[in-house]
Amino acid sequence: MSRPRLNSAQRRGLLGSALLGLVVIAVVGAYYLWGEAWQARILYATFVNLLVVVGLQVFMGNANITSFAHAAFMGIAAYTAAICVTPAAMKAVSLPDAPWGLNAFELSPLASAALAVLITGVLGLLTGLFMARLNGVGMTIFSIAILVIVHSIFLHRTDIFKGNQALFGIPKILDLPQLTLMVVAAIFLARLFRESRTGLMLRAAADDEVGARAMGVDVFRVRLVAWVASTLFFAAAGIAYAFHLGTISARPFYFNFVFLTVAMLILGGLRSVSGAVFGTLLISIGLEAVRWLETGPVLAGVKLPELLGLSGLALGGVIVAVMAFLPNGLMGNREIDDLVLRRRNGG
Amino acid sequence: MDYLIQQSLNALSFGAEYALIALGLAIVFSIMRLVNFAHGEVIAFGGYSLAVTGTLLTGNPWILMACVVLACMAVAVVLERVAFRTVRGADLTTGLLTAFGVSIILQNLFLLLGSPRPVAATQFIFLDRTLTLGPVRVSSLQIYETAVTVAAIVALLLFLRRTTLGMALRAAALDFEMVRLCGLRANRVVAGAFAISGFLAGLACIFIMARRGSAQPHMGFDPVLSAFVACVIGGFGSLPGAVLGGFLLGIAEVAVLILLPQSAGGLAHAVVFALVALILVWRPDGILSPAREKGDKL
């Protein structure tokens with residue numbers, strides 16, 4: 001070992017991430033060429049979801065443990081970043097009763113984002129220390145506990161978080177180009193994590209925990225690392241969300257969002273980063289179509305009835321159908337480079 | 001003193017409701033390792049069936065109670081047949097996510113066919129009266145709830161110990177393969193487990209409807225979330241654990257409500273969940289989980 005170099009799987013990972021990055025850039029390019037202005041918002045939301053789903057893959061996919069806490073971490077990051085970056089003059093209006101001088105300071109966008117990542121990461125580490133000790137169902141319930149606790153704090157401390165009302169006046173800092181860069185970077189990081197030593201040990205422990213322990217894998221440690229790493233992705237997503245929308249409220253950081261992102265991940269396939277990307281894109285496109293149907297459009301001269309709940313129905317249908325017919329999702333264990341380089345892989 | 005009695009009755013009735021639901025979750029989990037997220041929608045289905053049969057058929061509450069319980073049992077068995085049979089034997093995550101999808105589908109079906117607003121169904125409200133027992137004023141519903149839960153637990157115990165299907169269920173929780181080798185039909189055993197879980201959900205539904213007086217798409221979500229927590233505290237899949245966890249959770253919830261200052265009332269849920277998280281840290285597999293080495297045959 002003269003000098004640490006990337007092994008072949010990691011080199012494949014770089015290639016795969018680059019291909020996924022091209023897919024993402026192609027989507028953005030298509031929007032700039034042919035898209036209409038109102039689609040920018042949808043695309044931005046899709047990419048924020050993509051950040052979350054890729055982060056979710058880092059823990060849920062590699063460790064094969066269902067976690068529902070991501071909306072909580074995203075909310076923490078979004079609120080931290082928003083409270084730090086909003087100008088003090090604006091906060092005097094939007095947060096008049098905030099304690100601890102929260103409405104009397106302001107930070108630069110970069111410092112706010114850094115602080116948001118730091119706080120989310122520290123909370124991720126603290127929860128992770130407990131989380132990584134548990135087994136399958138316990139972990140899922142623990143993650144739900146985190147989600148419920150964080151949500152009730154958001155709702156309860158209206159003086160800081162405004163609860164279900166909007167916290168407004170956040171300057172618009174990020175736009176589509178910057179977010180695209182973040183998404184591509186996230187894809188690279190998630191894929192490199194998957195192919196890293198820790199990622200490999202984590203996947204081994206997911207397949208056969210006893211076997212992995214016998215081979216010397218410290219399951220607690222690798223789960224903890226993955227958990228904290230994934231909270232950092234959620235932090236990035238929360239910051240991207242807050243820095244674009246201008247207003248945030250507690251409502252989106254709860255179960256509905258959790259359902260949506262988990263559906264995206266399992267449609268594509270938990271086990272690969274490519275699955276996370278494709279699942280997010282497919283469900284986002286599909287949902288837009290279903291939402292259009294839901295409002296009762298006029299189709300071929302016939303006014304369709306308004307069908308409230310159709311999008312949720314479709315989402316649930318996708319989850320059940322995928323689990324019944326393709327338990328490993330569309331991509332299964334494969335990454336995009338496996339599809340492109342299939343022949344070399346087989347030979 | 002009467003305050004104390006009142007609050008302990010509160011705790012018992014909360015705990016009874018959680019225990020009923022948690023038992024339904026545990027009996028399914030113990031046999032097919034399925035975390036049944038759709039259990040809340042079974043309860044909501046019971047609520048809607050009450051609203052429908054109550055307006056269309058009859059106002060007789062006893063017949064309606066039977067209808068609600070039957071509706072819950074039927075929908076639980078149908079869900080097993082349609083959705084959960086395909087994932088039998090799959091790993092935990094697959095089952096959990098399937099159940100989760102089924103739950104979303106049902107919620108949105110209620111939304112689509114019913115309405116996002118509550119649908120009134122007040123036939124069981126009469127159960128909830130204020131009784132005056134000496135110096136203590138208590139809600140009759142809470143007494144019924146506690147008594148019915150205790151009766152249901154005793155009946156379940158007798159069923160599990162005395163009948164063939166009951167014994168098969170207990171055996172299947174230990175070693176399903178062996179039960180099948182002994183000549184019992186797997187489908188029948190699993191359907192039996194779902195029917196019992198539906199029956200318990202139906203009982204819980206009656207009390208929930210008596211308290212709410214209306215059905216809503218998301219009405220089952222919160223009670224089932226709490227029941228999950230109860231299951232996890234007690235040890236997932238353990239039936240005594242589910243009952244213990246349910247009552248512990250009821251006590252914890254009432255205690256937190258009493259002890260927490262009025263201004264922090266909104267945080268009661270958060271405090272209860274934090275307590276649960278601490279219990280999990282102390283005993284990662286729950287209080288009554290059997291000592292089991294990783295890799296043992298489950």
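Inter-part distance, the range A:220-245 to the range B:34-86, computed on C-alpha centroids, equals 40 Å.
Chain A packed on chain B takes about 3600 Å² of accessible surface away from a 1.4 Å probe, both sides summed. Comparing B:Phe199, B:Phe273, B:Phe236 in a Gaussian network model of chain B (Cα springs below 10 Å), the most mobile by mean-square fluctuation is B:Phe273.
Placing dummy labels 7 Å off each Cα toward the beta-carbon, the span from A:Leu33 to A:Arg197 is 4.4 nm. List the longest stretch of chain A that has no exposed loop site; here a site is one of the chymotrypsin sites (Phe, Trp or Tyr not before Pro) assigned by DSSP to anything other than H, G, I, E or B, with at most 13 other Cβ within 10 Å. Value returned for the longest uninterrupted segment is A:106-347. If I take R0 = 41 Å and measure r between the Cβ atoms of B:Phe159 and B:Leu260 in this structure, what FRET efficiency does the formula 1/(1 + (r/R0)^6) give, to the nearest 0.05? Calculated value: 0.55. Placing +1 on each Lys and Arg Cβ and -1 on each Asp and Glu Cβ, with no other charges, gives the range A:166-219 a dipole about its Cα centre of roughly 180 debye. Expressed per residue, the C-alpha convex hull volume of the range B:2-220 stands at 132 Å³. In the context of the full set of protein chains, the range B:2-220 has a per residue accessible area of 42 Å² (1.4 Å probe).
Here's how it looks for A:Gly269: its modeled amide H is under 5 Å from those of A:Leu330, A:Met331, which are all 5 or more places away or on a different chain. Placing unit charges on each Cβ (+1 for Lys and Arg, -1 for Asp and Glu) gives the range A:8-255 a dipole about its Cα centre, and among A:Ile83, A:Gly29, A:Leu125 the Cα reaching farthest toward its positive end belongs to A:Leu125.
Modelled this way, with points 7 Å down the Cα-to-C-beta line, the labels at B:Arg88 and B:Thr122 are 4.5 nm from one another. Rolling a 1.4 angstrom probe over the protein assembly as shown with all protein chains present gives an accessible area of which 67% lies on carbon and sulfur atoms. When A:His244, B:His269 are compared by accessible surface with a 1.4 Å probe, the order from highest to lowest is B:His269, A:His244. So what's the net charge close to A:Met215: Lys and Arg +1, Asp and Glu -1, counting the other residues with Cβ under 12 Å from its Cβ? Spelling it out: positives minus negatives among the neighbours equals -3. Using the Cβ-Cβ distance between A:Phe325 and B:Asn60 with R0 = 60 Å, the FRET efficiency computed as 1/(1 + (r/R0)^6) comes to roughly 0.85. Once you have the Cα-Cα distance between B:Leu113 and B:Arg283, take 0.36 nm times their residue separation minus that, and quote the gain in nm to one decimal. Working it through step by step, the gained length comes to 56.9 nm. What you get for the range B:2-220, charging only the Cβ of Lys and Arg (+1) and of Asp and Glu (-1), is a dipole of about 380 debye around the Cα centre.
Residues whose amide H lies under 5 Å from that of B:Ser214, counting only those 5 or more places away or on a different chain, are B:Ala121; hydrogens are built 1.01 Å from N in the peptide plane.
Relative contact order for the range B:2-220: 43 percent, from Cα pairs under 8 Å spaced at least 6 residues apart, divided by residue count. Placing unit charges on the Cβ atoms only, positive for Lys and Arg and negative for Asp and Glu, gives the protein assembly as shown a dipole magnitude near 1260 debye about its Cα centre.
Dividing the summed -39500 (n - 2.57) terms of all DSSP H runs of n ≥ 4 by the residue count of chain A sets its mean residue ellipticity at 222 nm at -23000 deg cm²/dmol. Near the amide H of B:Asp91, within less than 5 Å, lie no amide hydrogens of residues on another chain or at least 5 residues away, with H placed in the peptide plane. Ordering B:Thr149, B:Ile27, B:Val87 by the projection of their Cα atoms onto the charge dipole of the range B:2-220, which places +1 on the Cβ of Lys and Arg and -1 on the Cβ of Asp and Glu, puts B:Val87 at the extreme positive end. For the range A:8-255, the solvent-accessible area with a 1.4 angstrom probe is 38 square angstrom per residue.
A simple spin-label model places pseudo-atoms 7 Å from Cα toward Cβ; at B:Ala171 and A:Leu107 they are separated by 6.3 nm. Cβ-Cβ distance of A:Ala40 and A:Ala89, R₀ of 30 Å, FRET efficiency by 1/(1 + (r/R0)^6): the value works out to about 0.55.
Per-residue mean of foreign Cβ neighbours for A:256-268 is 2 (Cβ atoms of other chains, 10 Å radius).
The values are calculated or read from the model by the stated rules, or taken from the named source; none is laboratory data. What you see is a predicted model, and the numbers here were worked out from it, not measured in a lab. Positions of Cβ are generated from backbone atoms using ideal geometry, with glycine treated the same way; all protein chains shown enter the neighbour counts. Ligands, DNA and RNA are stripped out before the accessible areas are found, and what is left, the full protein with its side chains, is counted by its heavy atoms. Shrake-Rupley method; radii C 1.70, N 1.55, O 1.52, S 1.80 Å.
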